[in-house]
Amino acid sequence: MARLRRITDLGELAGRTVLVRLDLNVPIQDGRISDDTRIRAHVPTIRLLREGGAKLALLSHFGRPGGRVVPAMSLRPLLPALEAAFGEPIGFASDCIGEEARQAVNAADGLVLLENVRFHRGEKANDPDFAGKLAALGEAFVNDAFSAAHRAHASTEGVAHLLPAAAGEAMAREIEALERALGHPERPLAAIIGGAKISTKLAVLGHLARQVDHLVIGGGMANTFLLAQGFDIGTSLAEHDLVETARKILEEAAGAGCTVHLPRDVVVARALAPRVPNRVVPVDAVRDAEMILDIGPESVARLIGVLEEARTLIWNGPLGAFEVPPFDRATVRLAQAAARLTRTGRLLSVAGGGDTVAALNAAGVTHDFSHVSTAGGAFLEWMEGKTLPGVAVLLA
Ligand code: ADP
Ligand code: MG
């Protein structure tokens, strides 16, 4: 990959105004921020720019207001949390472009937060006129929102063409971790792909089958592959119309020298419910009224062996219906093994995906992984081998 332009490439910033694209989509419960991880992730970027003497105009989207002003999706309530995290008072403009924004930027000593960019239709449309109005507010642009980089919107892509542009520290850190895992990995490289359905991850499976040495398929999506291999899977979640596609992915993997690992034993029950009676069976012994809800202990033991041989791991998707114990067991055991191997320096481990992050948190291993991405859609598109437009525009 070409070199990512960094803040230091922007030259002298003292006294200049820098537009900084953040991701301030923090979860709110009863009017309070329930998790401020996303805000804290931006602190290094804010600090670096402020130490350089720049004045900052902060941009972000929040929710999906659909191109009009929706007061419930205002960024204003986040001000106290941002001031606490960034350590200084922050001004506010109730519009991200135009006269009010310009005056707020002029009046501010250090930081000013501009209102939700998605209150304007031009944001998602990547309208050049809207991007131009954003660009008019600053002399340089820094994007620190990797999670929004898969969208070619005005505040993630358009504006970067109009000003000297660079990646923020959180953005750069994320890309570096992802590049080390899939761009130029130490091999053997193993990927674990789980989750409910193949259909949501077809492009991911296709790309990984050509890139990785070991492809571990678990979760609900393994069921369709087991069908493709002729096994009876009872009432398991499966996509019968994708059996042919699953077969093709297996062929493609074999052709690319990628070893595919499907479960050999599974945990089955008559329903997905807490404390439901369950049993461990070989994949060829699932009864008509049973469904597969996790991979079995023998499969887990073999997969730990795969991880012990691997130098790099990419993981997206739980191996079972982890929200309902005991069907979280395989995911937790394998996550603990990956964490142990990472701690001892044997493995570089990168994971991402909404449910995957929740599962790793539940297993208590998030901090042992080399990198855990909270980027959702952007992470998945990166796993598909796509060039993210918000990143492409920051390459030298
Ligand atoms: P992520 O959000 O990390 O990308 P997904 O959304 O693709 O992951 O998949 C997570 C979901 O897959 C969870 O809700 C989990 O219960 C479900 N799942 C995993 N294995 C099975 C299974 N065998 N049967 C039914 N659902 C499963
Ligand atoms: Mg999910």
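The values are calculated or read from the model by the stated rules, or taken from the named source; none is laboratory data. Treat the numbers as computed from the prediction; the structure is a model and nothing was measured. Every residue, glycine among them, receives a Cβ derived from its backbone with ideal geometry; neighbour counts consider all protein chains shown. These accessible areas exclude ligands, DNA and RNA; they are computed on the full protein's heavy atoms, side chains included. Shrake-Rupley method; radii C 1.70, N 1.55, O 1.52, S 1.80 Å.
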message: Using only the heavy atoms of the protein chains and a 1.4 Å probe, how would Asp23, Asp288 rank by accessible area, largest first?
response: Asp288, Asp23
message: Which order do the peptides 55-61, 318-324, 272-278, 180-186 come out in when sorted by mean C-beta neighbours inside 10 angstrom, highest first?
response: 55-61, 318-324, 180-186, 272-278
message: With every atom except the alpha carbons ignored, what do you get for Rg and Dmax of region 216-310, in angstroms?
response: 13.6, 43
message: For Cα pairs less than 8 Å apart in space and 6+ apart in sequence, what is the mean separation divided by the residue count of region 7-171, i.e. the relative contact order in percent?
response: 29
query: Roughly how many Å² is the accessible area per residue of region 185-383, as a whole number, for a 1.4 Å probe?
result: 41
- prompt: What part of the accessible area of the chain, given as a whole %, is carbon or sulfur when the probe is 1.4 angstrom?
  reply: 50
message: Quick check on the chain: helices-only [θ] at 222 nm, where DSSP H runs of length 4 and up contribute -39,500 (n - 2.57) each and the sum goes over total residues. Nearest 500, please.
response: -10000 deg cm²/dmol
query: In region 59-155, which trypsin sites (Lys or Arg not before Pro) fall in coil by DSSP and have 12 or fewer other Cβ atoms within 10 Å?
result: Arg68
- prompt: What fraction, in whole percent, of alpha-carbon pairs in region 199-357 exceed 23 Å separation?
  reply: 36
query: Can you list the residues of region 201-231 with backbone N under 15 Å from a point 7 Å past the Cα of Thr259, pointing along Cα to Cβ?
result: 212-217
statement: So for R0 = 45 Å, FRET eff. of Ala285-Ala358 from the Cβ-Cβ r, to 0.05, ends up at 0.90
field: Counting all C-alpha pairs of the chain, share separated by more than 34 Å (%)
entry: 37
- request: Provide, for q = 0.17 Å⁻¹, the log10 of I(q)/I(0) from a solvent-free Debye sum over equal Cα point scatterers in region 145-274.
  value: -0.94
- line: Given 289-301, 228-240, the highest-first ranking by average Cβ count within 10 Å works out to 289-301, 228-240
- request: Please give the per residue accessible area of region 1-83, computed with a probe of 1.4 Å over protein heavy atoms only, in Å².
  value: 52
query: In terms of the Cα gyration tensor, with a ≥ b ≥ c the square roots of its eigenvalues, is region 7-171 rounded because a/c is under 1.5, prolate because a/b exceeds b/c, or oblate?
result: rounded
Largest to smallest accessible area among Val260, Val350 [probe 1.4 Å]: Val260, Val350
task: Please figure out what share of the DSSP beta bridges in region 185-383 is antiparallel and state it in percent, rounded to the nearest 5.
output: 30
- prompt: Remind me, relative contact order of region 185-383 in percent, using alpha carbon pairs under 8 angstrom and six or more residues apart?
  reply: 22
task: Determine the alpha carbon to alpha carbon distance for each of Lys124/Lys197; Lys55/Lys124; Lys201/Lys386 and list only those over 18 Å.
output: Lys124/Lys197; Lys55/Lys124
